[in-house]
Each structure stands twice: as structure tokens, then as C-alpha cells.
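Where a number appears in this text, it was derived from the coordinates with a stated rule and is not lab data. As the structure is a prediction and not an experimental result, all values here were calculated from the model. Glycine also receives a Cβ, built like all others from the backbone with ideal geometry; neighbour counts cover every protein chain displayed.
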2 protein chains.
Amino acid sequence: MKAAGLVVEYNPFHNGHQYHLDQSLARTKADIAVGVMSGNFLQRGEPALVNKWARTKMALKAGVDLIVELPFVHAVQKAEYFSEAAILLLEELQCEWVCFGSEKGEIEPFTNTYALLAEHADLIDQQAKTFMNAGHSYPKAMALAYAELKKNYPDMLTLDQPNNILGFHYVSAILKNKLSIKPITIQRTGSGYHDAALPKDSIASATAIRKEITADGSLKDVARFLPGASYDVLRDYQEEMRLWHTWDLYWPYVKLKLLTTSPSALKDIYEMKEGLENRLVTAAQTSATFLEFMQKVKTKRYTWTRLQRLLTYLLMNITNDDIPHTLKPTYIRVLGFSQKGREYMQSLKKEKGHLLLTRPAAANDPILSIEQRAANVHASILPAEMWQKVQKREYQPPVII
Amino acid sequence: MKAAGLVVEYNPFHNGHQYHLDQSLARTKADIAVGVMSGNFLQRGEPALVNKWARTKMALKAGVDLIVELPFVHAVQKAEYFSEAAILLLEELQCEWVCFGSEKGEIEPFTNTYALLAEHADLIDQQAKTFMNAGHSYPKAMALAYAELKKNYPDMLTLDQPNNILGFHYVSAILKNKLSIKPITIQRTGSGYHDAALPKDSIASATAIRKEITADGSLKDVARFLPGASYDVLRDYQEEMRLWHTWDLYWPYVKLKLLTTSPSALKDIYEMKEGLENRLVTAAQTSATFLEFMQKVKTKRYTWTRLQRLLTYLLMNITNDDIPHTLKPTYIRVLGFSQKGREYMQSLKKEKGHLLLTRPAAANDPILSIEQRAANVHASILPAEMWQKVQKREYQPPVII
């Protein structure tokens, strides 16, 4: 059996994801699709709109055969780490290909760009430092340095689109680590990654879909952008949980923590540096809502995404000790599978069976214990009995369809 | 002007409190009544049903002339420390008397008991240790040792009533510190301190009143136990805040904290000892509600009250460093006053003016900063905008009637 790997968040699974999945299988003629998915918290430092079990179900119903979890410590990270950790997982899972979306759907610009950047690494570093000294954030400074180099090499990738950035890091991870997995890129269709408005056709960005769902809590205006099974899972989730997981609802926890913890203790939080702790405490004292707080703390240097990740670490109480030194997986947590996915796992058993984990009951891996913490924190905004129920879900078998 | 001092929590102010206030003024013929009141968290480790501003208003409307705050670090403490800190505050406020309720209304048993206990201190200590080794909690062991001594001295106080216990500690604090304030005791009328059922007459315990209010959220069944002004304050509070402050509502914060903090970090919390941290974490993992959790962690040794205080410290993030080494006040925080209260403060100005604090805006006293934390934590269960409003109240002038 040959597997096509996908790096996903499915927040929620929509028609654009369906298109990408179908194209990936068609292009590679793979027997199955394997998804590495962020768990309850996402790369950009946000709680997933619905928990990982609901998102796994959506993926399986749409035709993904196996969903494994990208651990929290690797998922809630800048694009570079997130991408490399995900690719390393797909390699461990012996996927033949990784299929990712990009604006143009050609793989050569990715590989060429990697080569050019390796060749000019010192120059890029030097120029990025100059831009950072001028007050730009690290990602912005890198982008500006990159743009300078691109003037001389116009065929280099356009790296101002999230999909291109992630794709570039996937390809880099493969080339850097000399992996056997092959990168394939599928041209994106429909709306841009960040587009906030709903388009007229049937493909909208996950951002736009979430915005619409959370604006009035209703699913009715987004039905046409979702496969029927996704819609059903979301509707069932809402009926059971009576809410969508958004930062606003976690804000009281973050605020209380900021207002009851000394700045010196806050400095123990991963990525809390450069006096940010004082800045956060001061803003928390005068902010009623999450939005108000974020607007107060955001700067060019401390981007929205970086701050969201930091607040996720704070909410989760993640310290430096919690972050492993390597991106290589120490286990592979299976969140769900189809019959074909089960067969694929059987075929992996001889070589990789010791890594596969379908029930974490007896696990004492520190990375996995953080997953249990994430499940707890994600569920903490639910009513007491529901929280307890979801907490227990963490120790039950994967989703099987 | 001569002042009668009262040590109060007024949670909420009811007819029994009115009787005690009126009797205190009548018996002493004092010009004014001064109340030392616990702030937003109470001696037995509970959030006050309504915040300190609402409770101050009830007290002033009932005829107390001056309400000062017993700091959190002294209020949320065992009876011995609570009582001594309160008495030291009343002494600083130059009160002529402290008036407390007791079962019999006679002061001699209190002073005699103090003398007998001083005389037999070693014997009591020794017997208490024996009872603790047999598995009893500290308070229970002390009570049993006390009962042994009382067999030989039948006139000693009956110390199984909270009012007698507090009264005994007030008198002890006065005699031990050789204070000039004089103890007066008023015989209690109506229901017992802890009685949970509502009686037929107009005096019910605060416990019974809270139980009735929080059971269905309604004030209608408790109106006959409250002065009209108390009723109005509670009704206005409910209309504005839409809730009563009970442990259930703070439970998600405590649970989240227990499930995201390592046991070694939990040990930094004041009074977290003897491996309690592991016991709490384990119970939190399997408890949906506060009640369920408490039933799991309670033992003979770790009494309900002791655990509630510990959870208050946890919620507030109180460490050993936060607790001052002395019970003597470093400032006197005024929460509210009447016209007569204002005149009394003027008369204190020459000697004690430097201690009186009516607006803590510029305060950098560490004890006062904990009061601000307590105000924040107490308000944290309110909707975002209301939380912010109550938080600001902390920096505004006292209640004046």
C-alpha cells in the first residue's frame, strides 16, 4: 500500500480540503491518504473551533484513512518547526509523498528556492538582522531580506502566502534531512488562506468559515462550503457542547493568571522574554476582552500570531522544560482510522509498530502528557460534567469508521 | 467619641447581626460602632457571596459607622490568627470595647478559660499530640485535649460553638498582648451559627440564608431574615451582577490550575504540605464539580474549612512569601463610613492618621497588593465588562452614607 501524506489542521474540514484530498489521491494514485493533524491547539496559537475528535471524524468521513496527531509541542510553533515535525512524522509513517497546496502548483520553485537560500544563507542572515534592527519582527525582516535576494532571482517563490511558506518549509525539511518522502504540490483553488469574506462559489477559507460560524453561533450560512459530513459533525458538536472554542472564552483564565502571577514567575513560560511579562500584566489590568488585550500588546515585533502562541503556552503553563530538543517523534498517536487505515497500520507494524499508539492510558511520555493537558485545557470552558466527559475521551480508543 | 468594635463578615448582613449591633451600642453606650470586616474572601476559605463594597453598604445602612478591611492574609486564616489580627486592628483604631456574640453572654468564662489554659499549656499540648497521632485533625485534637481538662474544671467554656471559639481567641489576643480594648460579650439569640435550616422567627444563620439564596438564586424566601436595606443591596447586586459568588463558579479556575501545574510548583502555595498537592491533582482529574472534588479530598485531618482555605490560596496564588510575619496592621483600609464615622476618623488623625487609607491608588504595601489581587479574583467569574468595572472599584473612594 502506498500512502499520500497531508499536513492538516481541518479547522474545520471544508470543500477546499476535500478538493486537496481528492487531488492528492488522484495525482499520486496513492492507495490511502494519511493526515498529520494539529490537536486541540493550532499552529497560530488558537484553540481549535471543535476538538480533535470531531475534526478527526470530519477527516475520516471525507476520505482520509488515517489521522495521527502532531504533538502540541510541535504544532503550536512557528511554521518552520511545525512543518519539519509534521514531515518527520509522515516519514516515520512511511508515506511515499507529502501533498501540499500552493499558489502555482509547481514543485520546482520550492526546490530551487531551497538551493538558492542555502547558497546565500549568510547574506540573508545579515540583511535580516539589519531589518530587525530597524524595528521589524523576525518574520517580516526575513521576508524583506528574502525580497532583496529575489530581485536577483525572480523565479524564486513568492513567500507572502501562508501556503507557500509552509510548502517551502516542508520541502526544506525533506532536503535538509535527506528524507525519502517526495513532495507534491497541488494548485490551490478558490479563496485565499486568510480571506475573511465568504465567496460566491463553494470554496471559502477556514478563516472565513470560522468567522461566520462564531459571529452568530449559527452554521446555516456556511453549509455550502462544507461537505455534508463536516456539517453534521459540527451540528452535533454544537448540540452537545453548546459553544465554539474561541479565544474569548479562554480569556478569563489567561487574565486571572496574568493578574495572580508575579512577573518573575511568568518568565518561566516558554517564549516569555524581553520583558513581555510586564507588558502582558499591564495590558491585562486594563483590558476587559481578549481583543482589547491583544490590540494593546501587539506591535510590529510581537505579531498577533506570536502573541497568541505565547498566550497558549501561558494558558497551558508550558515551560522551557516541556519543549523537547528534537522534532523527531517519540511516538505516533493515532486519532482515527478507516478500514484501509487499519490495514496500513498493520503493514507498518513490523518496523514502526512500537511507535504507534492507539490508547495512551499507560503512557508516561512527557510529550504525550502535554497532550492530555491540552485536552483538559481545551475542554475547560465546557460545563463541569461535559468537561469531565471530554477529559475522559482522551483515554478512549481512536475514532473508527 | 467612644467606639465599640465588632469583628464581622456580614455574609450577608442579617437580623441577627442587627441585634448584635444594637445590643453592642446599648450595652456599651458607645458613640459609634466600628466594624473590622473580612474582604472578598472569608475566614473559612470561601468567596463572599457579594463583594466587600456591597457588604460595607449593608453594614453602614444598618448603623455601623465605620468599616475597615481585615486584610486577606489575616482574614483567610484559622480562628486564632483571624481573631488576633482583628483585635489588633480594633486596638489601633482606639476602640474602647470589642463586642462579640457568645452562647451565654458572660465574659468571666472567657477570661477564666484563658488563665486555666495558660496554666495547663504543657498538658494540653501533650494530649493534643496524642490525639493527632491517633489520626485526628489539629482542631479536633485540641478540642479533645481541651475536653479532658474541662473534666476537672467544669466552668471552662464550651468550645464547640464557633462563636465561643472566636470569642475565646479575641479575649486571648487582648490578654496576651496586654491591650487596652475591653471585651464585652452579647448573648446570641436565634439560630446557631451553622444551622442550615431556616427557622420560623426572624433570625436565621448566615449559612442558612446563603444556602437558601444560592439554592434557587432567589431572595424571596429570605426577606424576613434581612433588614430592608440588606435586602435592597442584595437585590441590586443580583440585578447588576446576575450571580452569587460561590465556590462552584471558581471551581473551573482551580481545576485548570491543578491540571496544568506540576506538583513541585504547587508546593510553593502557602499551606500546601504533607503531599497534599498530589492528592489534589489526583482528585481534580476525576471530579466534575467542586462538591465532588471536596468530598474526595476531605479527611478527618484535612477538614473542609482547611481545604477551602488552601484552595483559596491556590486560586489566589498565595505563597509563603505573601504572608507577613506579624499580625499587627501596617495600614488601616477604610471601606466605608457614615458622617459619625468620618468625625471619628478625624479624631484619630493626630495619632493614627498615617495608618488610615481611604484610597489605595498609590499604595505599594505588599499586603494591600494582595487585596487588589483578591478583588480581581473575586470578580473573575463576572462577564468581561463587569469584571473590569469591579476591578476599577478597588481604586475608588470608600462607600459613604
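What FRET efficiency comes out for B:ALA197 versus A:LEU144 if R0 is 56 angstrom and r is the Cβ-Cβ distance? Round to the nearest 0.05.
0.15
Count, for each residue of A:380-389, the Cβ atoms from other chains sitting within 10 Å of its Cβ, then give me the mean as a whole number.
Per residue, the average neighbour count from other chains is 4.
Return the whole-Å distance between the Cα centroid of region B:110-162 and the Cα centroid of region A:119-159.
Each part reduced to its Cα centre gives a spacing of 78 Å.
How many nanometers, to one decimal and shortest first, lie between the label point of B:SER264 and those of its other copies, if labels sit 7 Å from Cα toward Cβ?
For B:SER264, the other copies' label points sit at 1.8 nm, shortest first.
About the Cα centre of region B:1-153, how large is the charge dipole given +1 on each Lys and Arg Cβ and -1 on each Asp and Glu Cβ? Please answer in debye to the nearest 20.
500 debye
Once a ≥ b ≥ c are taken as the square roots of the eigenvalues of the Cα gyration tensor of region A:247-322, is the result rounded (a/c under 1.5), prolate (a/b larger than b/c) or oblate (a/b not larger than b/c)?
The shape class here is rounded.
Among A:MET294, A:LEU311, A:MET272, which residue has its Cα positioned farthest towards the positive end of the charge dipole of region A:247-322, with +1 placed on the Cβ of Lys and Arg, -1 on the Cβ of Asp and Glu, and the dipole taken about the Cα centre?
A:MET294
Considering only C-alpha atoms, what is the centroid distance from region B:294-355 to region B:32-100, in Å?
After rounding, the separation between the Cα centres reads 8 Å.
Taking one equal scatterer on every alpha-carbon of the protein assembly as shown, how large is log10 of I(q)/I(0) by Debye at q = 0.05 1/Å?
Values returned for q = 0.05 Å⁻¹ are -0.35.
Please compute the contact order of region A:247-322 in relative form: average sequence separation of alpha-carbon pairs under 8 Å and at least six residues apart, divided by the residue count, as a percent.
Relative contact order here is 40 percent.
Checking the a/c ratio against 1.5 first, then a/b against b/c, what shape does the Cα gyration tensor give for chain A?
rounded
Under 20 Å Cα-Cα from B:LYS392, which aspartates and glutamates qualify once same-chain neighbours fewer than 8 residues away are excluded?
Within reach: A:GLU292, B:GLU69, B:ASP236, B:GLU239, B:GLU240, B:ASP365, B:GLU371.
Would you please classify the overall shape of region A:99-217 from the alpha carbon gyration tensor, given that a ≥ b ≥ c denote the square roots of the eigenvalues, rounded means a/c under 1.5, and beyond that prolate means a/b larger than b/c while oblate covers the rest?
The shape class here is oblate.
Mind sorting A:LYS328, B:LYS200 by how few other Cβ atoms lie within 10 Å of their own Cβ, fewest first?
Ranking A:LYS328, B:LYS200 by Cβ neighbours within 10 Å, fewest first, gives B:LYS200, A:LYS328.
May I ask you to list the GluC sites (Glu not before Pro) in region B:91-128 that are in a DSSP loop and have at most 15 other Cβ atoms within 10 Å of their Cβ?
B:GLU106
Where does each of A:ASP160, B:ASP322 land when they are ranked from fewest to most other beta-carbon atoms within 10 angstrom?
A:ASP160, B:ASP322
Work out the FRET efficiency for A:ASN278 and A:LYS298 from their Cβ-Cβ distance, taking R0 = 25 Å, and round it to the nearest 0.05.
Result of the calculation: an efficiency of 0.95.
Take every residue in peptide B:282-294, count the Cβ atoms of other chains within 10 Å of its Cβ, and give the average of those counts.
2
Which whole number gives the average, over all residues in B:250-259, of C-beta atoms from other chains lying within 10 Å of the residue C-beta?
For this peptide, the per-residue mean of nearby foreign Cβ atoms is 5.
Can you list, shortest first in nanometers, how far A:ASP321 lies from the same residue in the other copies, with each label 7 Å from Cα toward Cβ?
1.7
Quick one: in chain B, whose Cβ comes closest to the B/A rotation axis, and how close in angstrom?
B:TYR253, 3
How large is the helix-only mean residue ellipticity at 222 nm for chain A, computed as the sum of -39500 (n - 2.57) over DSSP H runs with n ≥ 4, divided by its residue count, in deg cm²/dmol to the nearest 500?
It lands at -16000 deg cm²/dmol.
Label-to-label distances across copies for B:GLU292, with labels 7 Å out along Cα→Cβ, in nm, shortest first?
Once sorted, the set of distances for B:GLU292 reads 3.4 nm.
Tell me, what is the percent relative contact order of region B:265-401, built from C-alpha pairs under 8 Å that lie six or more residues apart?
Averaging sequence separation for qualifying contacts and normalising by length gives 24 percent for region B:265-401.
Taking the beta-carbon count within 10 Å as an exposure proxy, list A:LYS296, A:LYS29, A:LYS57 from fewest neighbours to most.
A:LYS29, A:LYS296, A:LYS57
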